[in-house]
1. When the residues of segment 132-186 are filtered to those that are on the phi > 0 side of the Ramachandran plot and out of contact with any Lys or Arg (no Cβ under 6 Å at 6 or more places or on another chain), which remaining residue is surrounded by the fewest Cβ atoms within 10 Å (Cβ to Cβ)?
2. Filter segment 144-186 down to the residues that are of a type in the set (Ser, Thr, Tyr) and free of Cβ contacts under 8 Å to residues at least 60 places away in the same chain, then identify the one that is nearest to GLY91 (Cα to Cα).
3. Under the condition of being farther than 14 Å from LYS2 by Cβ and of a type in the set (Asp, Glu), which residue from segment 13-50 is nearest to the chain's Cα centre (by Cα)?
4. Counting just the residues of segment 69-116 that are within 12 Å of the chain's Cα centre (by Cα), assigned to a helix (DSSP H, G or I) and among the aromatic types (Phe, Trp, Tyr), which one comes out modelled with the highest pLDDT?
5. Criterion first (under 21 Å from SER45 (Cβ atoms) and either modelled with pLDDT under 95 or not hydrophobic (A, V, I, L, M, F, W, C) (or both)) does GLU170 satisfy it?
6. If I ask for residues that are charged (D, E, K, R) and not in a loop (DSSP other than H, G, I, E, B), which ones from segment 118-145 would you list?
7. Out of curiosity, is MET103 within 26 Å of SER45 (Cα to Cα) and either surrounded by fewer than 17 Cβ atoms within 10 Å (Cβ to Cβ) or among the polar types (S, T, N, Q) (or both)?
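The values are calculated or read from the model by the stated rules, or taken from the named source; none is laboratory data. For clarity, every value in this text was computed on a predicted model and none was experimentally measured. All Cβ positions, glycine included, derive from the backbone under ideal geometry; neighbour counts span all protein chains shown.
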Amino acid sequence: MKEIIREKAIQMFKKNGYDNTNILDICHECGISKTTFYYHFKSKSEILSTLFDNSVLIDKVNFSNAMFEESYVEKMWAMLCVYIDYVVENGSDLLKQIYKSNMDENLGTFRHELYGKVNDILERLVKEAQNNGEIRNMSDHKRLVKGIFYFISGIGLIWSIENGSFDEKEEIKKQVFSMLDVLPKR
């Protein structure tokens, strides 16, 4: 039931807007009582925070195709694109609301450590890209991955404030590749 509530609520947030969807609307759409809703979720913002919950995100996106890329940098970028595409697919309005919810109550959505296995893979890819000369920034690979997540969060914030008015993926790529000092393709 929890997943049904979550999915229907997110569909309603996308269709009607977060602020225009209340808990009664969600209950009606799911055919449940408020008691049932509150058994599974303490608030609308908790539902929203699950959009970027590590376990949910891993279930929703498939990172395996990224491993077919040739270079370590291309593999890293392909993994990041899966995440960025997921964010863009959910829209700037929902991302904006996630930022607002985290400012009201730190839900931990933007802690890069939450991305566990994905974080570990990115760290290995950055290290290998450094060793292979694809990335010229020789700073600690763990610090660089943390920086990548900070770039993604910061650019995502600006993208949501500006209502998705620019190509978020392209901007992230420019900034991340600049920070990493990625060797241009020949």
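1. Of all residues in segment 132-186, those on the phi > 0 side of the Ramachandran plot come to 133, 163-164, 181.
After this cut, where a residue has to be out of contact with any Lys or Arg (no Cβ under 6 Å at 6 or more places or on another chain) as well, the list is 133, 163-164.
Numbers: GLY133: 8, ASN163: 11, GLY164: 15.
Per the stated criteria, the residue is GLY133.
2. If we filter segment 144-186 for residues that are of a type in the set (Ser, Thr, Tyr), which is where we start, we get 150, 153, 160, 165, 178.
Remaining after also requiring free of Cβ contacts under 8 Å to residues at least 60 places away in the same chain: 150, 153, 165, 178.
On the way: TYR150: 19, SER153: 14, SER165: 11, SER178: 26 Å.
Ranking the candidates gives SER165 first.
3. ASP19
4. Residue satisfying both the conditions and the ranking: TYR99.
5. On the way: under 21 Å from SER45 (Cβ atoms): no; either modelled with pLDDT under 95 or not hydrophobic (A, V, I, L, M, F, W, C) (or both): yes.
No: the conditions fail for GLU170.
6. Keep residues of segment 118-145 that are charged (D, E, K, R), which gives 120, 123-124, 127-128, 134, 136, 140, 142-143.
Across segment 118-145, the qualifying residues are ASP120, GLU123, ARG124, LYS127, GLU128, LYS142, ARG143.
7. yes
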